[in-house]
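The values are calculated or read from the model by the stated rules, or taken from the named source; none is laboratory data. Only a predicted model underlies this, so the values are computations on that prediction, with no experimental measurement involved. Every residue, glycine as well, gets a Cβ built from its backbone with ideal geometry; the counts of neighbours run over all protein chains shown. Note: accessible area is taken over every heavy atom of the protein model, side chains too, but ligands, DNA and RNA are not part of it. Shrake-Rupley method; radii C 1.70, N 1.55, O 1.52, S 1.80 Å.
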Amino acid sequence: MDDDRVAEIVGQWARERPDLDPGPLLIIGRIQQIAAILDATLRPPFAAADLGNGDFDVLAALRREGEPYTLTAGQLSQRMLVTTGAVTKRVDRLIARGLVSRSVSTADARGRVVGLTPAGAALTDRLIEEHLANEAAILRDFTDSDRTTLERLLATMTRTLAAQDVGPGEPAGPPRHRLPRR
């Protein structure tokens, strides 16, 4: 990268505070930079379909569940790694568009299930094809070996962060508890 702002920032900190190791910024700063670029690159097809952030996640979670494409709000929350409140807001928007429905659970009359409508399934199938093609294009310059290494490293980093159980605004420290291995 000719214009490597992250490396420039690390160099500045190394000069100004030689007592600190700014090296982690080379990784974390780049991951943050990549996240912003990925969002800007991958978001347009969802925006063109008038889907808000996270709306496609609901549709995709239901579609990949298989027939009859239904889940409870709690199940959606687990599959999407968001709160049930966030799920409810997204589901309400999608119901208004006719992409999902909410109905009484056949297993428990007190419970509700969210289901994908035929229009929601068709939109999801179209968008997932475009989304995966966009992701493949982003990774086109990586060899199979590069991809395997990157997948392994990112999985390790994800497990490490999950084990540290750090919430927003909390400093990383020793793990407070271990999450179960899956």
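Once you've got the GNM for the chain with C-alpha springs shorter than 10 Å, pick whichever of Pro22, Pro45, Pro68 has the biggest mean-square fluctuation. Per the Cα network of the chain with a 10 Å cutoff, Pro22 tops the list. Report the residue, chosen from Glu67, Glu130, Glu151, that carries the largest GNM mean-square fluctuation when the chain is represented by alpha-carbon nodes joined by springs under 10 Å. In the Gaussian network model the winner is Glu151.
The overall shape of the stretch 2-104, judged from the alpha-carbon gyration tensor, is prolate: a/c is not under 1.5, and a/b is greater than b/c.
Distance between the modelled labels on Ala40 and Leu161, one decimal in nanometres: 2.0 nm (7 Å Cα→Cβ projection).
Name the shape class, rounded, prolate or oblate, that the alpha-carbon gyration tensor gives for the stretch 120-165, where a ≥ b ≥ c are the square roots of its eigenvalues, rounded holds for a/c under 1.5, and otherwise prolate holds if a/b is larger than b/c and oblate otherwise. It comes out oblate by the Cα gyration axes. One equal scatterer on each Cα of the chain, no solvent, Debye formula: the resulting log10 I(q)/I(0) at q = 0.10, 0.14, 0.15, 0.17 Å⁻¹ is -0.58, -1.02, -1.11, -1.25. By the equivalent-ellipsoid construction on the alpha carbon gyration tensor, the stretch 11-63 comes out with semi-axes of 38, 11, 7 Å, ordered largest to smallest.
Charge dipole of the stretch 1-113 (Cα centre as origin; +1 on each Lys and Arg Cβ, -1 on each Asp and Glu Cβ, all else neutral): 720 debye, rounded to the nearest 20. Under a Gaussian network description of the chain, with springs only between Cα atoms under 10 Å, the residue in Ala137, Ala35, Ala107 that fluctuates furthest is Ala107. Leaving out ligands, DNA and RNA, and with a 1.4 Å probe, what % of the accessible surface on the stretch 1-44 is carbon or sulfur? Of all accessible area on the stretch 1-44, carbon and sulfur atoms account for 62 percent.
In the neighborhood of Ile128, defined by Cβ-to-Cβ distances under 11 Å, what is the net charge if each Lys or Arg adds +1 and each Asp or Glu adds -1? Local charge sum for Ile128: -1. Rolling a 1.4 Å probe across the protein heavy atoms gives the chain an accessible surface of 69 Å² per residue.
Out of every Cα-Cα pair that the stretch 66-116 contains, those further apart than 18 angstrom amount to 26 percent.
Membrane-span-like helices of the chain, defined as complete DSSP H segments with a Cα extent of 27 Å or more along the helix axis and a mean Kyte hydropathy of at least 0.5, are absent. Positive-end ranking of Gly111, Leu123, Thr72 along the dipole of the chain, with charges on Cβ about the Cα centre, is headed by Gly111.
Near Val100, the amide H atoms lying under 5 Å from its own belong to Ile95, Thr117; only residues 5 or more places off or on other chains count, and H is placed 1.01 Å from N. For Arg97 and Ile27, a Förster radius of 25 Å and the Cβ-Cβ distance give a FRET efficiency of 0.05, rounded to the nearest 0.05. Reported to the nearest whole Å, the Cα centre-to-centre distance from the stretch 16-94 to the stretch 105-138 is 15. In the chain, helical runs assigned H by DSSP with n ≥ 4 each contribute -39500 (n - 2.57); averaged across all residues and rounded to the nearest 500, the mean residue ellipticity at 222 nm is -19000 deg cm²/dmol.
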